[in-house]
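Please see the structure below; I have some questions.
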Amino acid sequence: MLPFDYAKAQNESDAMQRGRAPGAAFVAGGTTLIDLMKLNVMLPETLVDINGLPLDRIEGLPDGGLRVGAMVRNSDLAHHERVVKSFPVLSEAILAGASVQLRNMATTGGNLMQRTRCYYFRDTAYACNKRQPGSGCAAIEGFNRIHAVLGGSEHCIATHPSDMAVALVALDAVVHIKGTDGERKIAARDFHLLPGDTPHIETSVQPGELITYITIPASRFARRSAYVKLRDRASYEFALASAAAALELQGNQIRSARLVLGGVATKPWRSLEAEQLLTSASAGEETFRAAAEAAMKPAKPYRYNAFKIELAKRAIVRALATASAVRAEG
Ligand code: SF4
């Protein structure tokens, strides 16, 4: 780890001013950043500590939605009564990620900003376009078992690591950002970027901009929702394939649906093809399997990760079946 300066942000505008300086990075829970600093993968010159900012509240909105401060800890969000009852996919996704200790530290904003687990990204001995633009990608011809089958490019096939972000996309969440030029908001589905030929640019956040809170609207499908994560071991492991499903049902007919994948794509992957197929269809195994086939049709496997395609289909079918069985009344 290289030496760095440390500054404690006094308020939001102080944080943004300091965050704009070249080589500055915000630190909140530090669960990704400090690891990567130890590995010499991220080398900030100044850490701007935002833990003192008053962004740690979860508030109900008049329409039944939620406003979640960027500094809300993952554990607090996962166990919040309104989240458990009205947005179960979010609670389940967070609890499927990391360990209790990490969830107690990790924040909502930091979770959105976490970096990939690609082993070549985390090892400076290897070429990696994400870590060092233009250096190449060791994964494409290398051991790519954990890599993406959706959304990759010839420059990067790293999977996006967050479970929480997958659920937020399924819930039509909106990310609110503040910069020295003002405030703006981005739909969670547009927050993360495809790698294309700039894999080092991962999100829509500009230097010095601060995620302040996330809003989750009330919807007819949020309550009947579920998250299924398949991985190499039962806990403290990243997804090989995951699915967030949300359904609005009338009787057995699907009125609307959300289906978003994790672990198989370079960003939280919403499948509009699958959602279209689900809408107006009858809920059941046959429909769910057809949706899974539609979702994974664009998949492009590499040498070691073709197994993810069938794995993702099974995660999708199980997530849809679980969501359809949720009692949405009461
Ligand atoms: Fe780097 Fe992406 Fe290639 Fe991994 S997949 S080595 S993160 S460029």
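Taken together, the values in this text are just the output of simple stated rules run on the coordinates, not laboratory data. The structure presented is a predicted model; accordingly, all values stated were derived computationally and were not measured. A quick note on method: Cβ atoms are made from the backbone with ideal geometry, for glycine too, and the neighbour counts reach across all protein chains shown.
Rounded to the nearest 20 Debye, what is the dipole magnitude of the chain about its Cα centre when Lys and Arg each give +1 and Asp and Glu each give -1 at the C-beta?
Rounded to the nearest 20 debye, it is 620 debye.
Next question. At R0 = 25 Å, how high is the FRET efficiency between Lys38 and Glu310 if r is their beta carbon distance? Nearest 0.05 is fine.
So the FRET efficiency works out to roughly 0.10.
While we're on this one: Going down the table (Lys185/Lys313; Lys185/Lys308; Lys185/Lys229; Lys267/Lys308; Lys130/Lys313; Lys8/Lys267), which pairs top 24 Å between alpha carbons?
Lys185/Lys313; Lys185/Lys308; Lys185/Lys229; Lys130/Lys313; Lys8/Lys267
So, one more: Using DSSP H assignments, which helices in the chain have an axial alpha-carbon span of 27 Å or above and a mean Kyte-Doolittle hydropathy of 0.0 or higher?
The answer, listed by residue number, is 307-325.
What's the ranking of 72-81, 39-48 by average number of surrounding C-beta atoms within 10 Å, highest first?
Top to bottom by mean Cβ count within 10 Å: 72-81, 39-48.
Right, here's the next one. Given N residues in segment 250-301, what is its alpha carbon radius of gyration divided by 2.2 N^0.38 Å?
1.16
Okay, next question. What distance in nm lies between label points placed 7 Å from Cα along the C-beta direction at Phe143 and Ala125?
1.1 nm
If you don't mind, there's one more thing I want to ask. Computed over the Cα atoms, what is the radius of gyration of segment 1-134 divided by 2.2 N^0.38 Å, N being its residue count?
1.18
Test of the criteria: in segment 246-330, which chymotrypsin sites (Phe, Trp or Tyr not before Pro) are in a DSSP loop and have at most 15 other Cβ atoms within 10 angstrom of their Cβ?
Passing sites in segment 246-330 are Tyr304.
Then there's this: Quick check on the chain: helices-only [θ] at 222 nm, where DSSP H runs of length 4 and up contribute -39,500 (n - 2.57) each and the sum goes over total residues. Nearest 500, please.
Roughly -7500 deg cm²/dmol at 222 nm, from the helical runs in the chain.
Compute a Gaussian network model of the chain, connecting alpha carbons closer than 10 Å, and tell me which residue from Ala283, Ala226, Ala167 fluctuates the most.
Ala283
Would you list, by chain and number, the aspartates and glutamates whose Cα falls below 17 Å from the Cα of Lys300, excluding same-chain residues fewer than 8 positions away?
Counting by Cα, and skipping residues close in sequence, Lys300 has these aspartates and glutamates nearby: Glu141, Glu154, Glu273, Glu310.
Which aspartates and glutamates have a Cα less than 18 Å from the Cα of Lys38, not counting those fewer than 8 places away in the same chain?
Asp5, Asp49, Asp123
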